[in-house]
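One structure below.
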Amino acid sequence: REVEEKEVNKDLEKQRRFMGKEMSKTREQMESKKRARDFRAMKKEKEDAKRERDRLRAELAKDKAERKARGGKLAGRLAAEGYNPAGLSASMAQEDAKAHAAEAAELAAKAVAAGGGNSSATKNDTSFASVEERAEAVDKCIESLMKYKVGGDGGNALKVLNAYTKNLSQKPEEDKFRTIKLDNNAYKSKVATLRGGTRLLQAIGFVKDDDRGVLELSVEDRDLDLITQTHQKVQ
């Protein structure tokens, strides 16, 4: 019997070591992916900063030439819809739109290939193949929101998202935090108008239902670990 117990304990020890190695390997892979995402984000931030400096230099040169041509005066900057700043927020909007549209199309194609079928006409859901894809989408959305520097719009959106994710992570038992009305003033004015705002909520599990006028997070689609990580990122 002692021999049998030793054999069993030996097998258990082998299994424990194997599982430990697998967990360590998984952690290393996740850390490697995170480092790669951080590097891409840092590189993109430097490129954006350089592009903004170049834009400012071009704006200054243009203004200088215009002043010279107009005898020291500049033409008005007001359009029919009011002041339209030429800052980083405005200059990047079209690029963000193209990037997110391409990513959404890719995700939709994956969903169809996996047998998910067509999305509902009234529920604007975004399919993600894995938690890693959701986390990566969250990072991209935060990066996109941080580009809105004019008027502090990006920071204001992140404050609202911080409140949403804080309530979801710290009070998971309260159902009211799993529903956001589309006509809610904070959401409508600070999150929905910016590229990446609604998409971040979709990345953590919210589904937009235009018929009911809400964004809703079902218990089944809720990933508290991802929500907590997102909360830490938007703080």
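Worth a mention:
- Cross-link partners of residue 14 among aspartates and glutamates, defined as those whose alpha carbon lies under 17 angstrom from its own and excluding same-chain residues fewer than eight positions apart: 4, 5, 22.
- Whether the stretch 125-166 is rounded, prolate or oblate, judged on the alpha carbon gyration tensor where a/c under 1.5 counts as rounded: prolate
- Given 208/233; 25/233; 21/140, the pairs whose alpha carbons are separated by over 29 Å: 21/140
- Note on residue 19: accessible area is roughly 100 Å² with a 1.4 Å probe, heavy atoms of protein only.
- The calculated FRET efficiency for residue 212 paired with residue 30, based on their beta-carbon distance and R0 = 30 Å, is about 0.25.
- Take the Cβ atoms of residue 159 and residue 193, set R0 to 22 Å, and the FRET efficiency comes out at 0.90.
- Counting only protein heavy atoms and using a 1.4 Å probe, the accessible area of residue 128 comes to about 30 Å².
- Between residue 44 and residue 19, the C-beta separation translates, for a Förster distance of 25 Å, into a calculated FRET efficiency of about 0.10.
- Under 14 Å from the Cα of residue 10 - aspartates and glutamates, other chains or at least 8 residues apart: 2
- Label point 7 Å beyond Cα of residue 51 along Cβ direction - residues of the stretch 198-234 with amide nitrogen under 15 Å: none
- Partners of residue 62 within straight-line reach, counting lysines whose Cα lies under 25 Å from its Cα and excluding those fewer than 8 residues away in the same chain: 46, 50, 73, 147, 149.
- Table column - 3J(HN,Hα) (Hz), the stretch 140-154, Karplus curve with 6.51, -1.76, 1.60, x for Gly and Pro: 5, 5, 4, 4, 5, 5, 5, 6, 7, 8, 5, x, x, 4, x
The values are calculated or read from the model by the stated rules, or taken from the named source; none is laboratory data. Small disclaimer: the values here were computed from a predicted structure and weren't measured. Backbone-built Cβ (ideal geometry, glycine too); neighbour counts: all protein chains shown. Remember, those area values only see protein heavy atoms, side chains included, never the ligands or the DNA or RNA. Shrake-Rupley method; radii C 1.70, N 1.55, O 1.52, S 1.80 Å.
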